[in-house]
Each structure stands twice: as C-alpha cells, then as structure tokens.
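Below is one structure, written out as structure tokens; comments come after it.
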Amino acid sequence: MRKLVLWGMMLAGPISVLTAQESPEQFLGFPVGADRELVDWQQVTGYFDQLGQHSERVVVEELGRTTQNRAFLLVTISSTENLLQLERYRQIQESLADPRRIEGVPERLLEEGKTIVLVTCSIHSTEVASTQMSMELAYDLAVSEDQQTAEMLRNVILLLVPSVNPDGVDIVNRWYRQTLGTPAEGKAPPWLYHPYTGHDNNRDWFMFTQKETRLVVQKVHNVWHPQIVADVHQMGRYGARMFVPPYMDPIDPNVDPILQAGIVNLGGTLFSALLTAGKQGVVTNAIYDAYAPSRAYQHYHGGVRILLEAAQTELATPVKIQPGELTSGKNYDVHTPSWNYPVPWKGGSWRQRDIIDYEKIGLRAALLHAARYRKSWLRNFYQVGRNAIERSRPYAFVVPSGQPDLQSVSDLLGVLEFGSVEIHVASESFTTDSSTWVSPPFGEEGRREFAAGSWVVLMQQPYSSFAKTMLEIQNYPTIREQGNGRLRKPYDITAQTLGIEMGVEVYQIDEPFDAHLKRVQNVAASSGRLEGEGDYWLFSHSNNAFARLTNRLLKADSRVYWAPNGFRARGRKFPAGTLAARVSKSQTEIDELLEGIPVAVWRVRRRPQLA
C-alpha cells in the first residue's frame, strides 16, 4: 500500500490522503453496524494496526495488557504536523495543568496548545456499537478532506480508546455468535462481561482496582490531562434515543463552576447538532446526574466529562418498538415535546447502525467545538488549576500516623497518589487549632496534636478537588421534583468518604497551621516483617494486610487456618482468630510473599494446638 501527502489550502501543513487504505467495511467484509454482525477484539486491533501503518494522521499504541492478557489500545489522531510534535503539546498540557509552573498569564502556551479530547468506548461490553463506531470515526478522520475535518485535525489531538474493556468485547462476541438463531439471541451473557466487576467497571474511577481503569488513568488521563472526555454508552431501549448533557442536579459541588458551565456549553452543542441532523428522541438535562466521582475522574482534574447514552438494541440484533411500549424517564415525558426533549421518537425499528449514526454526529460536533474554541478550552483548563491552588478552605486533611490498620492507610493514600494528589509527611509533631474528625473513631472537634510521620494533604494544589471529594463527608442535597414535590431519587452513589469506607482516621483542618512537611512520592506500604524462627507462620487479622498475605499463601499452595481458640506458642499468647500457615519456602519466595504487605508474622517451629 502507498501513502500520498497532498498540500491543502485549508491547512497550514500537509493532509494525508490514503489511496489504498481499506475502510472498516472493506477490512471486515461487512458494513459497520450491520444487523447481526459484531466484531471481535482481534478484528478491532487488526484494523487499527493497519490504519496506523498507512495514515500520517493516526498513531496506534498498546498501553499494556488487560485482565485476560489482551492488547489495550490508544489511538491518537490529529494532523501530521501535530503528531510530529506530540511531546511538545504534552509538555504544554503539563504546564497548563499546574499553574505553579508558570509566571503570569501563559498567553504563549494558550496560543500554541491544542485541545485534548479523549473518547472512551464500550466500557460496558454489551453496549456494542461504540467500538465499531470508533473504527469508522478514525477512518473518516484519516481520509476526509473537508474543511471541518481539517479544522478538527489542526486544533485538536484526539485520544481514542476503542474499548475500555477488550476482554468483554470478546466475551460478548462469542456469546452472541453462539446464540444467533436461538431464543437467547441478543441477550446479555449469563456471566460477567468484565472478569471481576461486570457492569460496574465504570464505578472504579476513584478506587482504581482494575487493570483497565489504571491503564486509562495512568497512561492517558494523567499524561495528557484532556480538557474534554466523551464517554460513549448505551442505555435502556424503551425511552429516548440518545442522552447528552447537561446533567440533572445534583452535580458534586467540588466540580469547579467553570467546568459545570463547560458541560452545559458543550452538551448544548451536541444537542443542537443531533437535532439539526434531524435525529429524533434526543434528550438532555434528564436521567443522569453528575454527583459521584466514581464515574467522572476528569471532573476533578481540569476537564469535562460528556456522556453520550444511546438506546440499546439487542446486542447486534435490531428491535422493533411499538409506541405503547415507550416509557418516560427522569425529567422528561417520552411522548410529549419539551425544551429538553423537543422531538419525541414515535417508535419503530432501531438498529445498531442508528446508534452509530447518532454517536458519530455527537462526537464530530464535540471535536468541532473543541477546535473552534480551542483557546477558550485551554484558558478555562488553566483557570481551573489556578482556582484549585488558591483554595483557602479547607486548608488540609491529615491522616495521623500510628494507626493499627497500616494496609488500609496505605490503600487510602494510594488512591490519592494515583489520582495525582500531592502528599506530604510531617517530620516533627505539630498542632492545629481546629480540626474536624472526618472518619472513625469520631470524637470532639478542636485543638489537636499530630505525631511525626502523619500524612498531610494540602488543598493548595491542582487536584485538590479530587482529594477533597474523596476525604470530606458528603451531604447529599434534598431535591424535589417539580409538580409533585416528591424527593428526587439519587442516580446511584450518594457518598464516598474514603476514611469512613476504609476505617481510616482522617481529620479535616480548615485553618492554616505550621508544620515541617516533606513531599513524599511513593506511599506504598512497607513489606512485612518476620519475628522468631520456624516454618509455622502466625499473624493477626486486625490489619487488612492479612487478606493479601492469605491470598498469596493460598496461591503458593500453603494451607491457611483460622484459630478458633486462643493459644500459646513460644511463650506468647495468640487470640482466637489468629491465622496460621505452614510455609516452607526459600528466602526469595518469602520476600515475594511479604513484599508491600505491612503485616507482622511470628514464626514458630511447632504447629500450634488449634481446637
């Protein structure tokens, strides 16, 4: 295959024209979104690999491996000139993300930088359309020569994740192909389509427990700091055809007002584009809120999250919906025109090709908006960071040293650190005049002394909103529906205070205080320690590290026992509930078992007497 480069009048540089590049339809052998056709992950990666090899507008990277060892892809799309200077644009983003690095208003960076747009597809693998759509969208941007596409490519760097759950793409694909022509056709698989979390993998954006979540956060969000994140989903099939923001109330008050306005602004652009294209059944300001950080990492890291939710088919099988089957949702009547649902869909056939068309219109509108208002997006991004570092209250959160559950302390601090929050440790004891006991054990507020080694999270930093929403106590607002006055039910999560959830003592400090603090770069837990000699290991379950050590021992084929009784060993008392295991391993194997697990293990030579 041969690639040509033409010099176009609309761009400052060359536009790549692919004369021999296969379209997704040519590559797959069927049209994207065809009835009863699904792609597997090998087809997706194969197509993007080919596109990346033959287009000067496309770079394809494998960021890592998934839970079941599939390639996890990031596809970067922009003009040829921008792709040649990717590192320069990443550095600009890094500077704008932390205004402490810049003196004065960064006009030069604002003039030079590009809007960074991240599009994530198919985190829920039964929502099959967007992964297929991603191939077609990428192809269109790689070959199109129209003025709007040129404007997008010149001013935007698009980061496209074809699926946040590649394992699920294959799980659903295999099930669908096996059940074609049977009563189970189009139904969800009877097992988890993410190996550990199923549908709730998009509630992991504040705990970061899954490989896929960590890849996107660590290697995309935290590297590129996108101004816009478009999260493409599907929803129930019997209501509106597509939802776009703005969201319903409530929105987390820790989301900067600039970002709240950006959600309204960009969401309105998508809403208008879909209606202008003649698409029916588009709803906004309905169904979904923006309260929980579990689904919206970027709201606390300088960008907006735009949710696109299209009505479901039965996987790749079309559905036919009668008008009487349509049902209304939160804040709209499915049969009645209103400002936020002006053109009701009246029923009929609904196919995955319809979903793809709606998604592409919405995403191209987002890209064009990002291109035309590039400088505004960058300036607002910078200002959100300034607002964060100028925060006055609260002044800090403190996690005292000396807590018994070191594993949970480490896990809590690890969440913050992974979310790019700066953490300090006190080299000497210090006193605060006022403190609020955020998480257990609760006690009196007021003056308190904290010992050396306590961890301090200062709020005058770029991502303090993330730390604040993770550590403070939430008070979910009371909202009543217009007309009937009933309490509006929350969409899902109403609180996420990590200290309470994890049993870690945390204090909120509203006023400034003096302390000798040192920035720490790695809050990983220390490794376990051994006492005594012998092959029998005894350890307590009072520290949650016991669970990790137990799992490692079981994986290493060691039997682990709960002690139903108290006992003595080597002159020491051990209470009921002590764990016991026989471990005959090399020193290297023992070191691996204890690595990063802050648990004390007492070794004895004889097996303890357990009832």
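Dipole of the range 10-122, Cα-centred, from +1 at each Lys and Arg C-beta and -1 at each Asp and Glu C-beta, to the nearest 20 debye?
240
Per residue, how large is the accessible surface of the chain? Use a 1.4 angstrom probe and give square angstrom.
Accessible area per residue, the chain: 42 Å².
Taking only complete DSSP H runs, can you tell me which helices of the chain stretch 15 Å or more along their own long axis by Cα positions and average at least -0.5 on the Kyte-Doolittle scale?
Correct list, ordered by number: 129-143, 257-276, 352-372, 406-418, 545-555.
Order the peptides 183-196, 555-568, 409-422 from the highest to the lowest mean number of other Cβ atoms within 10 Å of their residues.
Sorting 183-196, 555-568, 409-422 by mean packing, highest first, produces 409-422, 183-196, 555-568.
What FRET efficiency comes out for the pair Ala600/Thr431, r = Cβ-Cβ distance, R0 = 30 Å, nearest 0.05?
0.45
What Kirkwood Rh does the range 308-394 have if only Cα atoms enter the pairwise 1/r average? Answer in Å.
Kirkwood radius, the range 308-394: 16.7 Å.
Contour minus end-to-end for Asp510 and Glu107, with contour as 0.36 nm per residue of separation and end-to-end as the Cα-Cα distance?
Length difference between fully extended and current span is 141.7 nm.
When only C-alpha pairs under 8 Å and at least 6 residues apart count, what is the relative contact order of the chain, in percent?
Reported relative contact order: 12 percent.
So, R0 is 30 Å and r is the distance between the beta-carbons of Ser401 and Lys573; what FRET efficiency does that work out to, to 0.05?
Working from the Cβ atoms, E equals 0.65.
Would you mind checking the pairs Lys114/Lys279; Lys489/Lys518; Lys346/Lys375; Lys330/Lys360; Lys219/Lys468 and listing those with alpha carbons more than 32 angstrom apart?
Lys489/Lys518; Lys346/Lys375
Using a simple spin-label model with points 7 Å from Cα along the Cα→Cβ vector, what separation in nm is obtained for Ala547 and Gln50?
In this crude spin-label approximation the distance works out to 4.6 nm.
Multiply the residue separation of His199 and Gln280 by 0.36 nm, subtract the distance between their alpha-carbon atoms, and state the gained length in nm to one decimal.
Taking 0.36 nm per residue and subtracting the Cα distance, the gain is 26.4 nm.
Between Thr478 and Ala611, what is 0.36 nm times their sequence separation minus the Cα-Cα distance? Round to one decimal in nm.
That works out to 42.5 nm of additional length.
When 1/r is averaged over all different Cα pairs and the result inverted, which Kirkwood radius in Å belongs to the range 507-575?
16.2
Which of the GluC sites (Glu not before Pro) across the range 102-142 are loop residues per DSSP, with 13 or fewer other Cβ within 10 Å?
Taking the range 102-142 and a limit of 13 other Cβ atoms within 10 Å, the loop GluC sites (Glu not before Pro) found are Glu103.
Set the Förster distance to 41 Å, then compute FRET efficiency between Trp339 and Asn522 from the Cβ-Cβ distance, nearest 0.05.
0.20
State log₁₀ I(q)/I(0) for the range 271-415 at q = 0.09, 0.18, 0.20 Å⁻¹ as given by the Debye formula over alpha-carbon point scatterers of equal weight, solvent excluded.
Debye output, listed in q order: -0.49, -1.17, -1.35.
Can you give me the distance in nm between label points at Gln460 and Arg393, each placed 7 Å from the Cα along the Cα-to-Cβ direction?
1.7
Using alpha carbons only, what's the Rg to Rh ratio of the range 114-250 with Rh from Kirkwood?
Expressed as Rg/Rh, it is 1.00.
How are the Cα pair distances of the range 204-325 distributed, in percent, across 5 Å bins from 0?
The distribution over the range 204-325 is 2, 10, 18, 21, 18, 15, 10, 5, 2, 0, given as percents.
Using helices alone, what [θ] at 222 nm do you get for the chain, with -39,500 (n - 2.57) per DSSP H run of 4 or more residues, divided over all residues and rounded to the nearest 500?
-9500 deg cm²/dmol
With the crude spin-label approximation of a point 7 Å out along Cα→Cβ, what separation in nm comes out for Leu554 versus Gln42?
According to this spin-label approximation, the distance is 3.4 nm.
Considering only protein heavy atoms and a probe of 1.4 Å, how much of the accessible area of the chain is carbon and sulfur, as a whole percent?
48
Could you sort 526-534, 292-300, 170-178 so that the peptide with the highest average Cβ count within 10 Å comes first and the rest follow in order?
Per-residue mean Cβ counts within 10 Å order the peptides as 292-300, 170-178, 526-534.
From a point 7 Å beyond the Cα of Ile258 in the direction of its Cβ, which residues of the range 98-142 have a backbone N at a distance under 11 Å?
Flagged as within label range: 98-99, 106.
Can you work out the base-10 log of I(q)/I(0) for the chain at q = 0.08, 0.09, 0.12 1/Å, using the Debye formula on its C-alpha atoms alone?
Evaluating at q = 0.08, 0.09, 0.12 Å⁻¹ gives log10 I(q)/I(0) of -0.66, -0.82, -1.28.
If you take the charge dipole of the range 72-209 about its Cα centre, with +1 on Lys and Arg Cβ and -1 on Asp and Glu Cβ, which of Ile92, Asn155, Pro183 is farthest toward its positive end?
Pro183
The values are calculated or read from the model by the stated rules, or taken from the named source; none is laboratory data. Source: prediction; values computed, not measured. Ideal geometry is used to build each Cβ from the backbone, glycine not excepted, and the neighbour counts take in all protein chains shown. Surface areas here come from the heavy atoms of the whole protein model, side chains and all, with no ligands, DNA or RNA. Shrake-Rupley method; radii C 1.70, N 1.55, O 1.52, S 1.80 Å.
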